[in-house]
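Just so you know, all these numbers are worked out from the coordinates, no wet-lab data involved. From a predicted model like this one, the values you see are computed outputs, not experimental measurements.
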Amino acid sequence: MKKTESNSQVHIKCHAQNRPSSSHQNNSANLSQRTAPVSFSQNTQEVDTACPSNTSNSQVPTAGEKLIMAAKTGDLSALDRLLQQQQGGSEHFISQAHLNVSLLEVCRQGRKFIVQKLVRSGAEVNVRGYKRCTTPLHIAVEQGFVDIAAFLLSRGADVNARDRHENSVLILAVNRAGSSDMLNLLLAYKAKVNHKNSQGVTALMKAVEVMDIDAVKILILAGSNLEQKNKFGKTARCIAVKLGIADVFDSLHKARDQPLCYSSHPECALYKAALNNQVEAVKILLDCRYLQPNVQREDLRVSKANQNIKKDTLRNLIQSICSDAKDNKDLDGAKLELVKILLGSGIDDERAKRSYNCPNKKLLSSALIDATESGVIELVELLCKLKNIEINFIINGSSALMRAAEIGRLDIVKLLLNFGADPRKEIYGGEMALTYALKNGHIRCADVLLQNHKPSKQKLQEMAKVAVQEKQLESLELLASHCNIDEFSQSLMEEGILTGDSRIVQFLIDHGADINGTCGTSCPALLIALQIGRSYYNSPLRRNDSDLRDMIKFLVESGASVNRVHPNKSPLIVAIENNCNLDVLLSLLKHGADVNEIGDDEGNTPLTAVFARYSTRFSNINPSFEKALLKAGADPNKGHSDRKTAFHPSRCMFIGGLEIIERLIDAGADLEARNSDGMTPLLLAAREQQPEVIKLLKKYGVNMKAVDNDGKNAVFQTFERGHGHHETLQLVADKDQVNMQMPDGLTPLILAAKKHDENAIEIFLKAGADPHKKNNNQETALSILLDRYFHRLEFMAGLKMLIRHGALLSLPKYGCVNLYRMIICNERKLVQLMVTHGMAPMCVDYTGLKNSLSMEGISDSVWRNLSPLAAALVGNRKIIARYLVANWFLTPVDLVGSDQLKNLKVGLQGKCTSEVETFLDEYMSQPMSLVQLSFVAVSAQLGETIGREERVRKTPLPTILQDSSPPQLNEFRSEVSSPPQLNEFRSEVSSPPQLNEFRSEVETGAARRLDEAVLCMAT
């Protein structure tokens, strides 16, 4: 039977949930107002409160009315059926208004699943009720349904929608039951935090009124304006003052104004309240959830590290108490009360007890160590009573008991021991609480710790060593009462001496230590004290000479041996090597030290040790040592193991100069004494380049011809340090010494040439050095310089000096190759010297060097027999070529008409300059005179340079030339002395600085060649 539809309308009135309000007469507005009945509109437009109905008079509800009832009762099966029938036809039609009313109703009921289903079916999330009243979001928020609100926001619900009293969703979210999660959600969707309703009330004001501290904190951090006033002129702080929570409010808003700090957020509200000793405020804040927002706004000034606020506040509070104690301030009882409150707020929980690495456990253990170090026994006792404390925790290399023992707080030591502190606990270096007490001289603490635990013998020995290092005599005496120190007192002597405390050393001697026995470094006690100056950088004695003298005096007077105890060095030598104070040396001599004793394995006496120190130490030694030793009877001739005596001139000069040498000579030093290398004082002075010493030795008649085991005299010794010292060379160079030749043929002049030392070459030549001597490789000084010369100006002076001293006369033929190379390279000065100082014109084989000239096309016969003139032409040196022709410095291959000259001209075509071609054409076009031809022929017959001068001198003259002025001779002299090319040569040389010298040498060369020619023609 078909039901008829009723004409009656179904009226559904929407009422906001009744909530109690907090009203304050003449102060603030009613923050929770009852909303009036509303009807719901479609598309946020007002609609009639009656839903669409059937036009018949039947009372049967419509499909829309059924949907509303199903939503209200939560009948999910009926709801699904109605929503599916809606697609069947008009008789099952459900309007948008019915969907919207259903959504509002289920939001009030808190049916999340149905809300989601209705929204998916088309219900509008921003629908408004009667007179544009509340939205679904208003209802969900006011009811505290966080998940429904989150869903609606995710589907586009307006987070800043307002009801008819201008209440925003954020204002409605605040309630007495707590609203942290809802506020965090709305703020994450950018809810306006400073919006006012019609009474001027903001969300912050309402949060203060309902005393929701978590909400206040969230809203302040979200940027609430603290200066905003409501309709009655009251700010949020005014309301807080009236409610008695002003301290909490101030702590919260001051925390927001402070910048975030490194490592958590110490400027948080809880810390502010604790810092100001606001006990009640701390209690209130601790009772709040006090969590950070789950979803934060971009402009929210919150640090991620702010999740350990209670822990950081406790740490800072304990640090404040400890800091006050270190500044000798009285203990603040309020701070101690706050520590108790914080410890009871959950930091000391059972979960941390099961985890050794729990942060809270580390915090509390660190706090215990800090409290112990500061000496706040009340705080130490408070922390020791915690169930979560790890009393033996090691932080920064020590535990609480170790710190108490270190500062000598006997009361804290006993307290910690009573609460289970372990005196056997060791750190990485093996130190225990007892070690700290002993090294700092806290005898009573050490005694208590020893009564609780007596360490092993090895540990006691280590502690005794620490007590010695720290000069704690009372600690040593305490240990002596608990163990037998005599068993290891000898091993502590070194440490005792390094302290500089004679009381410690005497204690060790009294307990069996042998003053002459070896200590830790296998040295007797006296040697350890003497070595402090160099070896023990951290010893107090090293920084105080008077303490060192006192210690040595104490040791000597206590029976320490002042002479050598094998295998160690003697005390005198150790004192000298370590540059001890003169008083120390005199004290040793006074107490019987042997001044001539061989004091080490190298055979040094104290006097030789004074000078031997120069070779190993580069700081000045006390010159008074030598005086004191000589005065005490030191023998200057008593030798080293390699026969070295004290007389080492360079070391003497380094230490005190000529005065020491004179004192040694006056004391009987042997001027000719030799060491194992055969070195005499003169040779040593020459090697060290000490001219003043050599002058002094010459004054005392030293043998200047002395040589060492290798046969080197003083001249050779001068070069041992590199270049010869010129002042020293002038003192030791005489004719016999500069011509001395070593087994390998080396002479001083050859050595100077190898080191290209032109000053030494000059000194040796002036002293009479023979430039013709050769070494075993048939090298002369000149050949060595020529072999190394290649456009190096520093060699020029040496070459000139050697050539002027006749070195060319002994130059091997292979050395001429380099001379011809100089012709090619335009070295005019050397060319002049070659012509004017006895070199014979000859041909050399230049084949090996021809590739360096890039002169292709010249016949190999020219290169195999290269004459000086050919070398000048190949190098495009016209001036040198004219000079050679003018001086008749020619060979047979240079004669006009020779095949060699023709081949050269052919090879040079197109490769030489026009001036050279012109000169060669001119030279080859003029026939040579009979005199010239004869001169070249005879010169060639006389042979190469070596022995040439002697051959010319021994050539006999015929009878016709015995007349003083035969006509032929005068004619010959006139032609040779003024060859026609000479004037032209002079005119072509421009005007270099060397022009006068050049002309002089040309004229000298011409005269020399003239005399030679006379002899040749006579032959």
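Structure above, values below:
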| quantity | calculated |
| --- | --- |
| Length gained when the stretch ASP550-SER861 is fully extended (0.36 nm per residue, less Cα-Cα span) | 102.7 nm |
| Cross-link pairs beyond the 27 Å C-alpha cut-off, checked among LYS813/LYS850; LYS311/LYS439; LYS196/LYS311 | LYS311/LYS439; LYS196/LYS311 |
| Centre separation in Å (Cα based) which lies between segment 186-221 and segment 585-604 | 94 |
| Cα-based radius of gyration of segment 396-480 once divided by 2.2 N^0.38 Å, which approximates compact folds | 0.96 |
| Sequence-distant residues sharing a close amide H with VAL60 (under 5 Å, placed H) | SER6 |
| Other-chain or far-sequence residues with amide H under 5 Å of THR645's (modelled H) | HIS640 |
| Full-extension gain in nm, GLN84 to ASP710, via 0.36 nm per residue minus C-alpha separation | 212.9 nm |
| For segment 671-737, projected area of the alpha-carbon convex hull averaged over all directions, nm² | 4.0 |
| Residue-by-residue Karplus 3J(HN,Hα) for segment 62-78, coefficients 6.51, -1.76, 1.60, Hz, glycine and proline x | 7, 4, x, 5, 4, 4, 4, 5, 5, 5, 5, 8, x, 7, 5, 5, 5 |
| Set LYS192/LYS217; LYS712/LYS800; LYS695/LYS773; LYS217/LYS310; LYS326/LYS459 screened for pairs whose C-alpha atoms are more than 24 Å apart | LYS712/LYS800; LYS695/LYS773; LYS326/LYS459 |
| Table column - 3J(HN,Hα) (Hz), segment 319-334, Karplus curve with 6.51, -1.76, 1.60, x for Gly and Pro | 5, 5, 5, 5, 5, 4, 5, 5, 8, 6, 8, 5, 5, 7, x, 5 |
| Vicinal HN-Hα couplings computed from phi for segment 857-865 (Karplus, 6.51 cos²θ - 1.76 cosθ + 1.60; Hz; Gly/Pro x) | x, 7, 4, 4, 5, 5, 5, 5, 10 |
